Amino acid sequence: MAGGPGSGKGTQCEKIVEKYGYTHLSSGDLLRAEVASGSERGKQLQAIMQKGELVPLDTVLDMIKDAMIAKADVSKGYLIDGYPREVKQGEEFEKKIGAPALLLYIDAKAETMVQRLMKRGQTSGRSDDNEETIKKRLDLYYKATEPVIAYYETRGIVRKINSELPVDEVFAIVVKAIDELK
Ligand SMILES: Nc1nc2c(ncn2[C@@H]2O[C@H](COP(=O)(O)OP(=O)(O)OP(=O)(O)O)[C@@H](O)[C@H]2O)c(=O)[nH]1
Ligand SMILES: Nc1ccn([C@H]2C[C@H](O)[C@@H](COP(=O)(O)OP(=O)(O)O)O2)c(=O)n1
Ligand SMILES: [Mg+2]
């Protein structure tokens, strides 16, 4: 699943897991867990994320891979949230893990995303939910992540979902896209 910061990826993933029982892996959450552990690597990651930049590709991919392996015997399928963030991340994923079946592209206007993140920032405790970092995350999203969508569009696996709508209406469209796969 791809989409800009604050587009509603986490919100939709939670609902997908509830309905379909897939294993949800959020690359952002995995990185935040490493930061919370207080490890040396976590400290380096924290500095990068605070600046709104992308952490090195191998770091994220290794974390996703380890998390996938840990769940391999019980998983009904994987839902990966917030990855790939740049075309190179997608290419490496395919080399080391495999090709995705579907890319859900959660799309909202920049203005909407900023508004949601500023609101979330009042309670999230996320150090990157502040005006300055949000702006950088958005810029990077348009520069690095939007090309990822074009890359997968050529394979016909992209489903673009308008997330300006209320959560349940967005979810109804998500369900349709997933059920078409079956
Ligand atoms: N109105 C409306 N609000 C939403 C919707 N989806 C999410 N939100 C709100 O927008 C904020 C961001 O949603 P998240 O699901 O955390 O977004 P995300 O894409 O995971 O964001 P990052 O983790 O920053 O990439 C939350 O406070 C949600 O309550 C939606 O479909 N409609
Ligand atoms: N594949 C990834 C995922 C997240 N990151 C970093 C950079 C992101 O701003 C932070 C937080 O990721 P998360 O997906 O939770 O949030 P944003 O979409 O950036 O709002 O982690 C990364 O470098 N590479
Ligand atoms: Mg999220």
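Throughout, read-outs are computed from the coordinates displayed, never taken from laboratory work. Here the structure is a predicted model, which is why all the values come from computation and not from measurement. Using ideal geometry, Cβ is built from the backbone for each residue, glycine included, and neighbour counts are taken over all protein chains shown.
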Take the alpha carbon atoms of the range 151-182, find their center, do the same for the range 51-67, and report the distance between the two centers in whole angstrom.
25 Å
Starting from the Cα gyration tensor of the range 80-164, take the square roots of the eigenvalues, sort them a ≥ b ≥ c, and report rounded, prolate or oblate (rounded when a/c is under 1.5, otherwise prolate if a/b is larger than b/c, else oblate).
prolate
Quick calc: nm separation of the 7 Å Cα→Cβ label points for Asp58 and Met118 -> 4.1 nm
Over the chain, what is the relative contact order in whole percent, taking alpha-carbon pairs under 8 Å and six or more residues apart?
33 percent
Once Lys and Arg get +1 and Asp and Glu get -1 on their Cβ, which of Thr59, Gly77, Leu104 lies farthest toward the positive end of the dipole of the range 52-104?
Gly77
What value does the chain have for Rg/Rh, both radii from Cα atoms and Rh as Kirkwood defines it?
0.93
Over the chain: helical MRE at 222 nm, DSSP H runs n ≥ 4 each giving -39500 (n - 2.57), nearest 500
-18000 deg cm²/dmol
With +1 assigned to the C-beta of every Lys and Arg and -1 to the C-beta of every Asp and Glu, and no other charges, what is the dipole magnitude of the range 1-86 about the Cα centre in debye, to the nearest 20?
200 debye
Between the modelled labels at Arg126 and Lys160 (7 Å from Cα along Cα→Cβ) the distance in nm is 2.4 nm
With +1 on each Lys and Arg Cβ and -1 on each Asp and Glu Cβ, and nothing else charged, work out how big the dipole of the range 33-167 is about its Cα centre, in Debye to the nearest 20.
220 debye
Reachable aspartates and glutamates from Lys95, criterion Cα separation under 16 angstrom, eight or more residues apart if same chain:
Asp58, Asp62, Asp66, Glu86
Quick one: of Lys119/Lys160; Lys96/Lys176; Lys15/Lys88, which pairs are farther than 27 Å apart, Cα to Cα?
Lys96/Lys176; Lys15/Lys88
